[in-house]
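Data first, discussion second: the structure below is written as structure tokens.
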Amino acid sequence: MQNQNDRNVQAVALVFVTLISLGISLNVSGFEAIITNERSGDLIHINDEGSTTHVAKLCSRPRGMTKGINNSQVLIACSDDDKVITYNRKTKAIETEINNVTGAMNLTFHKPSGQLLVTNEGASRASVYDFESGRLIAELPTGLEPDGVAITGNGNLIFVASENAGLIHVFDGSTYQPLDVIRTNLRPRRIALSNDELWVSSEMGSRVEIFDTKTRAKKGEVIFAPKGFRPEQMTPVDILFNPNRNEAYVALGSANHVALVDTKTLEITKYILVGRRAWGLGLSPDAQTLIVLNGLSDDFTMIDLNTRRPILTKRAGLIPHSIEVFE
Amino acid sequence: MSLFRFLTIIFVSLIGHASAATFHVVIVTASGAESGTRGQSFAGIQTRVERPVRRGVELALFESTTSFEAYGVVPELKIIDLNDQQPIEEQLSQIPADAMVILDLPKPEFTQVATMLDTLERVTINVRHPDSDLRDQMCLPSLYHTIPSERMYFDALGQFLIYRGWRKVLVVHGPSERDKKRMEVLQKSLKKFGAEISDTRQFTISHHPDDRDKNKPEFLTGGASYDVVAVIDSERDFGRYIQYSTRRARPVVGDVGLTPVGWHRTLERYGAPQLNERYQQFDHTNLLPSSEAMSDAEFAAWSAIKLITNSLSLAENNAQSLSPRQILKHPDAQVDLYKGTRGSIRKWNHQLRQPILLATGEAVIAVAPMPKFLHPKHYVDTLGSDQPESPCQLN
């Protein structure tokens with residue numbers, strides 16, 4: 001009898017421990033991230049511990065990436081192959097391709113309308129595709145070296161940043177007619193939309209400029225100055241919003257830091273040291289972990305947003321460019 | 001019509017801008033005064049790229065089309081090719097008061113024209129000559145230098161050697177006055193960053209056995225202890241034979257081997273591939289192969305125009321024409337140089353501050369300033385003559 005009881009206690013304890021450990025892992029809510037590597041022409045899957053779980057050879061110079069129709073899909077701009085591919089992270093296979101997308105650089109997908117917007121780097125334009133059919137709907141003329149592209153949630157306005165021209169071209173989301181041109185500081189790279197605000201990183205102007213999406217008037221700017229770096233070393237690229245915390249994250253490029261910005265006051269609340277030429281940014285689904293791609297040191301850094309400290313830095317492929325994070 | 005040649009190119013005609021400001025750009029050349037070889041060594045072998053800077057200027061104007069439209073500016077490019085049979089003053093008098101004058105001239109003509117135009121208060125740009133004397137002694141208020149100075153080039157090299165831990169340097173130089181002057185600048189740079197010169201030797205072009213200590217790389221580089229050989233050979237004449245022929249198996253840097261440059265065809269970061277591709281392809285009547293890139297002089301001319309067109313938001317909005325002088329004097333004037341850090345003007349000697357690339361024929365090995373070389377004020381001011389040490393104080 002005694003023996004049987006002991007066994008029961010052991011069994012209960014085992015179940016209990018299993019439940020606890022399950023509970024813990026649920027709390028952390030695991031994720032998978034996909035990273036495009038511009039120079040090695042591949043993408044990697046990483047898990048929430050930063051381990052690379054799969055490497056997929058893709059195409060020549062994969063750069064911009066965005067989520068597709070479902071939770072398995074990413075759309076990737078293959079710049080040197082002039083195409084956009086759809087990659088399924090679950091089957092680990094390429095599903096579809098849109099070809100003849102000259103100098104595909106960056107892209108964004110407007111799920112409600114099924115429109116895919118791609119910037120054509122060498123061709124000074126952005127292209128709008130019907131994603132399902134792969135049909136070209138419109139070509140939007142921009143300045144030289146278009147990079148960042150964004151569309152408002154309601155699909156009414158399209159914004160395209162031209163790096164060389166120092167301009168944001170604004171287009172009507174239904175007629176595709178040019179509406180306006182916003183002058184920015186040097187080398188505007190990425191555009192991020194939050195409510196009625198348009199945040200633009202100026203890579204050579206070392207700042208983020210904020211414009212009103214409706215009036216296009218400049219509302220403010222954020223100028224960076226982490227300790228030990230000179231102003232001209234601030235070369236911001238990616239901007240990412242975290243509405244849960246009223247924060248924006250800005251990768252500061254050659255300054256090797258990521259900046260945490262309070263979106264209400266525009267104050268910089270913290271600089272976190274990461275790898276060399278920090279540019280791509282990704283956020284875990286639970287908004288607890290920020291992932292920074294370091295384009296010159298070929299690695300990525302995970303940051304715990306609760307402690308605001310880096311957790312780990314691990315190896316990516318050659319020139320990691322963009323990241324998407326999934327549950 | 002053997003007077004001066006005039007070429008006027010108007011790039012954009014603006015519709016809807018009632019008060020468009022003209023941006024006058026003038027390139028002054030003296031094709032008759034150029035040496036016939038232009039970058040060629042013995043037997044016509046091309047060892048340097050030397051060509052007119054005009055393509056760089058046209059590229060910069062082409063790139064600025066949308067900025068011109070956005071700011072209501074119309075560019076106008078003129079080229080004046082000086083004729084030595086005519087009085088120079090007369091030929092230069094055609095230059096509009098608010099023009100940006102790019103001097104694509106050999107040094108004697110450059111000095112003469114820059115001085116004359118300074119008296120006439122025309123803004124001039126040095127795009128060809130890294131020489132220290134033009135910055136330190138000539139030091140003209142209306143002259144700006146967008147080509148890096150010799151000090152910037154050699155400081156970049158000095159930083160690289162220290163960064164690599166190649167502290168002991170054997171300096172080999174040619175017999176010309178120019179080589180000797182440049183060697184002095186190199187010595188200053190090496191000293192500045194703490195390198196040690198193990199010996200300084202002069203080569204001679206000769207085949208005579210009596211000269212073999214000076215004409216054979218194996219002898220020239222023997223009997224000394226060094227980590228690296230630095231070669232000064234402005235004409236790229238003898239120095240080419242030193243690599244792979246040194247007595248010790250050591251790398252060669254300077255005018256051959258690993259060379260400090262302003263621009264390079266293989267820079268693959270910071271948007272540089274797009275700029276190189278545009279340079280090759282923007283002129284549909286004259287496409288260049290992908291092996292071609294801007295020379296340092298062409299890049300300097302391109303930088304000068306882009307400094308203005310990247311800074312149009314600073315232009316005072318009152319005139320019929322754009323004032324490059326006003327922009328150049330503005331403390332916020334800046335230019336996207338496709339080298340990872342923006343460029344701006346050093347107010348004390350009017351030098352464009354910029355990163356320097358350290359490149360072989362095949363690859364960019366490093367971009368200076370090198371890590372850990374820090375300046376209290378400006379990231380790239382560890383390269384070149386800094387404010388306290390500069391004899392030129394225009395401010």
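Assorted remarks:
- Calculated [θ] (222 nm, deg cm²/dmol) that DSSP helices of n ≥ 4 give over chain B, each run adding -39,500 (n - 2.57): -7500 deg cm²/dmol
- Estimated dipole of the protein assembly as shown in Debye, rounded to 20 [Cβ of Lys and Arg +1, of Asp and Glu -1, Cα centre]: 1600
- In the protein assembly as shown, taking the dipole from charged Cβ atoms about the Cα centre, the farthest positive-side position among A:L266, B:G343, A:I291 is held by A:I291.
- Distance (nanometres) between label positions extended 7 Å along Cα→Cβ at B:Q86 and A:I94: 6.0
- Charge dipole of chain A (Cα centre as origin; +1 on each Lys and Arg Cβ, -1 on each Asp and Glu Cβ, all else neutral): 560 debye, rounded to the nearest 20.
- R0 of 30 Å, Cβ-Cβ distance B:K191-B:Y244: FRET efficiency to nearest 0.05: 0.60
- Neighbour counts of other Cβ atoms within 10 Å put B:E58, B:E121, A:E97, A:E145 in the fewest-to-most order B:E121, A:E97, B:E58, A:E145.
- Using a simple spin-label model with pseudo-atoms 7 Å out from Cα toward Cβ, A:E267 and A:N244 lie 2.3 nm apart.
- When only alpha carbons of the stretch B:151-260 are considered, Rg and Dmax amount to 12.8, 40 Å.
- Set of lysines with alpha-carbon distance to B:K78 below 19 Å, sequence-local pairs under 8 removed: B:K306
- The lysines whose alpha-carbon is closer than 20 Å to the alpha-carbon of B:K214, local same-chain residues fewer than 8 away aside, are B:K180, B:K181.
- Relative to the current alpha-carbon distance between B:Q202 and B:E292, full extension at 0.36 nm per residue lengthens the span by 29.1 nm.
- Pairs beyond 18 Å (Cα-Cα), from A:K227/B:K191; A:K67/A:K90; B:K188/B:K329; A:K314/B:K372; A:K270/B:K339; A:K57/A:K92: A:K227/B:K191; B:K188/B:K329; A:K314/B:K372; A:K270/B:K339
- Nearest-0.05 FRET efficiency for A:S113 and B:E389, computed from C-beta distance (R0 45 Å): 0.15
- Kirkwood radius, chain A, all distinct C-alpha pairs, inverse of mean reciprocal distance: 20.5 Å.
- FRET efficiency, 1/(1 + (r/R0)^6) with R0 41 Å, evaluated for A:K314 and B:K329 via beta carbons: 0.25
- Note that chain B, at 25 °C in a medium of 0.890 mPa s, gets a Stokes-Einstein diffusion coefficient of 111 µm²/s from its Kirkwood radius over C-alpha pairs.
- For the pair the stretch B:229-243 and the stretch A:72-127, the centres of their Cα atoms are 49 angstrom apart.
- Cut-off 16 Å, label 7 Å out along Cα→Cβ of B:K181, residues of the stretch B:105-126 by amide N: B:105-115, B:126
- Rg in Å to one decimal, and Dmax rounded to a whole Å, for the stretch A:134-251 via C-alpha atoms: 14.4, 50
- Exposure proxy order (Cβ contacts within 10 Å, fewest to most) of A:D42, B:D233, A:D80, B:D332: B:D332, A:D80, A:D42, B:D233
- Of all lysines in the structure, the ones whose alpha carbon falls short of 22 Å from that of A:K264, not counting any fewer than 8 places away in one chain, are A:K214, A:K218, A:K219.
- Rg/Rh for the protein assembly as shown stands at 1.03; both radii use Cα atoms, and Rh follows the Kirkwood definition.
- Antiparallel bridge percentage (DSSP; both residues within the protein assembly as shown; nearest 5): 75
- Between 0 and 90°, nearest 10: helix A:2-28 axis offset from chain A longest Cα axis: 10
Read-outs throughout are calculated quantities, based only on the coordinates presented, and are distinct from any laboratory measurement. All figures in this text were calculated on a predicted structure; none of them were measured in a lab. Ideal geometry is used to build each Cβ from the backbone, glycine not excepted, and the neighbour counts take in all protein chains shown.
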